[in-house]
Structures are given as C-alpha cells and as structure tokens.
Amino acid sequence: DVVSCSVRGSRLSARVVSASMVFDRLFPRFRMQPGCNHQLFSVGCSLLTTDWKFTATISGTPLSGYPFAINLTSLARVTGVMPTVDAGWFAGGWAEFGSGATLSRRAIINNTAASGSALTITLSRDPSPFPGAGASVVLYPGCNGSKDTCNSKYGNYLNFGGHPFMPTANPSLVKLSQNVGGGKK
C-alpha cells in the first residue's frame with residue numbers, strides 16, 4: 001500500500017508499507033466489553049467539549065517539576081450548572097495553558113476536591129511554556145469508560161457504548177482444574 005507520495009523534479013518518491021499492516025488494525029473496532037467503546041466527546045459519545053469546558057486561574061506561583069501540581073482558583077463552568085467537583089473528577093481529562101502558538105495541553109492525572117472554587121490539579125508533565133501566577137487555564141473532565149461515570153457524571157447513559165452486564169470471564173468455557181496428577185517414570 002502506498003502511504004505517501006512526493007514529487008522531486010521528474011521523479012516520484014513514495015513511502016509504502018506491506019499489506020500485512022492490515023493485521024495491525026483493531027478488529028472488530030466495536031468490542032464486546034463492559035467498558036465504553038466511545039472516546040469522550042467523539043461522535044458516538046455525542047457529548048460536546050463546549051458543554052464541558054471549565055475555566056480557572058493559577059493561584060500563586062506554580063513550581064515546575066515533579067509532582068507537576070498546580071493550584072487553581074476561580075473554577076467555573078463556561079456553560080451550564082457547576083457540578084460538585086470531587087477528588088479525581090478531572091482525572092483523565094486535560095488542561096490547556098496559553099493560546100495560539102503558545103497553546104500547551106497536558107493530561108490531568110488527578111485533582112483534589114474543589115473547596116469553593118479552588119482546587120489543585122496534578123498534570124502528566126509541566127506545560128511549556130510554563131505559566132505564571134494569574135494565568136488562565138481551561139479544563140476538560142475525563143471519563144474512565146464505566147457505565148456509572150457515563151450515567152452519573154455526564155447523564156449520557158443512552159449513548160453508552162459498552163455492555164455493562166457482560167461477564168468478565170467467558171461463561172462458555174469450562175475452567176481447567178489445576179490438580180493434575182503425575183505418573184511414575
């Protein structure tokens with residue numbers, strides 16, 4: 001399969017991959033699993049990022065380096081009613097610092113429970129360029145793919161793309177016993 005092609009004067013240069021690359025694709029793409037098959041804010045999920053956008057301001061001077069924690073104040077939801085933000089509520093989501101050419105996105109690993117409109121987020125790594133005190137931050141919550149999160153956090157259970165009542169083990173296979181007797185030599 002030809003992946004890309006470029007023209008250099010009277011010559012064509014192409015990058016190709018073998019046909020066996022088709023076996024690297026996940027198939028089936030929609031899996032029979034207890035967790036959701038949709039990515040958060042994808043077409044199948046149907047939630048919009050604009051409805052789940054939060055803003056905050058960096059409090060104090062953040063310190064760069066591990067544990068990549070940033071204190072925030074003035075947490076507010078851009079559209080809709082402000083939910084109760086418990087510990088881990090933003091985990092799996094992302095934070096955006098700056099805008100335009102200086103936009104930096106970082107994964108949110110964890111967060112503390114919001115006290116008033118203040119909380120601390122822990123990032124996967126430092127933003128670049130590193131923001132200073134008073135800089136604005138845009139936050140988006142994450143989703144762990146469970147039916148409970150889809151229902152209670154987002155109210156989107158109708159679009160849940162998993163099979164929550166499916167057993168984790170295959171019920172059609174009989175478990176082999178580990179008690180295997182040995183014979184004499």
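The values are calculated or read from the model by the stated rules, or taken from the named source; none is laboratory data. This one's a predicted model, so the numbers in the text were calculated from it and none came from an experiment. A quick note on method: Cβ atoms are made from the backbone with ideal geometry, for glycine too, and the neighbour counts reach across all protein chains shown. Protein only, heavy atoms only, side chains kept; ligands, DNA and RNA dropped before computing areas. Shrake-Rupley method; radii C 1.70, N 1.55, O 1.52, S 1.80 Å.
Could you check how many percent of all C-alpha pairs in the range 1-73 are farther apart than 22 Å?
Working: 1745 of 2628 pairs.
Pairs farther apart than 22 Å: 66 percent.
Can you pull the Rg over Rh of the range 70-142, Cα-only, Kirkwood?
That ratio is 0.94, to two decimals.
Have a look at Met82, Ser20, Ser59 and report the one farthest towards the positive end of the charge dipole of the range 1-134, computed about the Cα centre with Cβ charges (Lys/Arg +1, Asp/Glu -1).
Final value for the positive-end residue is Ser20.
Rounded to the nearest 0.05, what FRET efficiency is calculated for Thr102 and Arg125 with R0 set to 25 Å and r the Cβ-Cβ distance?
0.95
If you keep only loop residues by DSSP, which chymotrypsin sites (Phe, Trp or Tyr not before Pro) in the range 48-87 have at most 16 other Cβ atoms within 10 Å of their Cβ?
none
State, to one decimal in nm, how far the label point of Val17 lies from the label point of Ala169, with both points 7 Å from Cα in the Cβ direction.
For Val17 paired with Ala169, the spin-label model returns 3.8 nm.
Given a 1.4 Å probe, how much area per residue of the chain is accessible, in Å²?
Details: 12590 Å² over 185 residues.
Solvent-accessible surface per residue comes out at 68 Å².
Of [x] 10, 37, 34, 17, 2; [y] 8, 25, 21, 19, 15, 8, 3, 1; [z] 9, 33, 35, 19, 4, 0, which one was derived for P(r) over Cα pairs in 10 Å bins from 0, in percent from the structure shown?
[y]
Per the 1.4 Å probe, what fraction of the accessible area of the chain, in percent, lies on carbon and sulfur atoms? Could you put the intermediate results ahead of the total?
Details: 7010 of 12590 Å².
It is 56 percent, rounded to a whole number.
In whole Hz and in residue order, list the ³J(HN,Hα) couplings for the range 118-131 that follow from phi through the Karplus curve 6.51 cos²θ - 1.76 cosθ + 1.60, θ = phi - 60°; x for Gly and Pro.
10, 7, 10, 10, 10, 9, 6, 6, 5, x, 9, x, 6, x
Using θ = phi - 60° and the Karplus curve 6.51 cos²θ - 1.76 cosθ + 1.60, what whole-Hz ³J(HN,Hα) does each residue of the range 41-51 get, with Gly and Pro shown as x?
6, 8, 4, x, 6, 6, 6, 9, 4, 5, 7
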